[in-house]
Amino acid sequence: MNKKLLTWDFWTFVTISSVAVFGLFLMYPLFSLFISSFQDPATGVFTMENFSKFFSRKYYYQSLINSMWVTTCVTILSIMFFSAVTYLEIVGKQVSKGNMLGELLNMEPYRLKKVIAVGDFENDIEMLQRADCGVAPANAQEDVKKIADRLAVSNDDDVIHDIIYRIVPTLL
């Protein structure tokens, strides 16, 4: 049985840090507020009477609503703007990898160069279309593989080596 060990690369660290920040700044205050609403400050007993007494104070009730609102908004925004589980992209309408590649190709040192672009996710499609040769790894999303000029091995199987030694020679 082939077990894959967790690798502690940069993005693993970013993901774990993001979860920690989410827990610290969003979930902990909400959880603390909820627990303290049931607990009597004098005796430490948890009862429903304490809950109704606690939320009869408008500012506690409002803080709970605000915490829930922030958590909901963050969740919705992360679903809308994440290109992958660990990436949040907030960019202007004209900003894309494809537009940047076009800008580079208009600069003097790059005007007559041939370009190979490699991408595996939806945000790479425009870049792959603008390149002279768009390459998608075997584990790319299906939409990306459909528009790619060439397919390479998976990201997990040394895709850059495959591109340099198998695909590039066929383009020369």
Practice task
Please specify each residue of region 1-38 satisfying the condition of being aliphatic (A, V, I, L, M), modelled with pLDDT of 70 or more and over 25 Å from Lys58 (Cα atoms).
Solution key: Val14, Ile16, Val19, Ala20, Val21
Problem - Selection from region 151-172 of residues that are over 12 Å from Cys133 (Cα atoms), touching a strand residue (DSSP E or B) at 6+ places or on another chain (Cβ under 9 Å) and part of a helix (DSSP H, G or I) - result: Asn155, Asp156, Asp157, Val159, Ile160, Asp162, Arg166
Completion exercise
Matching residues in region 97-119 (free of Cβ contacts under 8 Å to residues at least 12 places away in the same chain and polar (S, T, N, Q)) number 1
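To keep it simple, each residue is scored yes or no on (1) among the small types (Gly, Ala, Ser); (2) in contact with a Gly (Cβ under 8 Å, 6 or more places away or on another chain); (3) touching a residue at least 24 places away in the same chain (Cβ under 8 Å); (4) not assigned by TED's automatic domain parsing to the domain that holds Leu105.
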position	(1), (2), (3), (4)
Phe121	no, no, yes, no
Ala140	yes, yes, no, no
Asp143	no, no, no, no
Ile147	no, yes, no, no
Leu151	no, no, no, no
Asp157	no, no, no, no
His161	no, no, no, no
Ile164	no, no, no, no
Problem - region 113-150: number of residues that are in contact with a Ser or Thr (Cβ under 6 Å, 6 or more places away or on another chain) and assigned to a helix (DSSP H, G or I) - result: 2
Exercise for the section: Could you tell me whether region 57-74 includes any residue that is at pLDDT below 80, loosely packed, with under 15 Cβ neighbours inside 10 Å, among the β-branched types (Val, Ile, Thr) and part of a loop (DSSP other than H, G, I, E, B)? Expected result: no
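The values are calculated or read from the model by the stated rules, or taken from the named source; none is laboratory data. Note that this is a predicted model, so its numbers are computed, not measured. Reconstructed Cβ throughout: ideal geometry from the backbone, glycine too, with neighbour counts over all protein chains shown.
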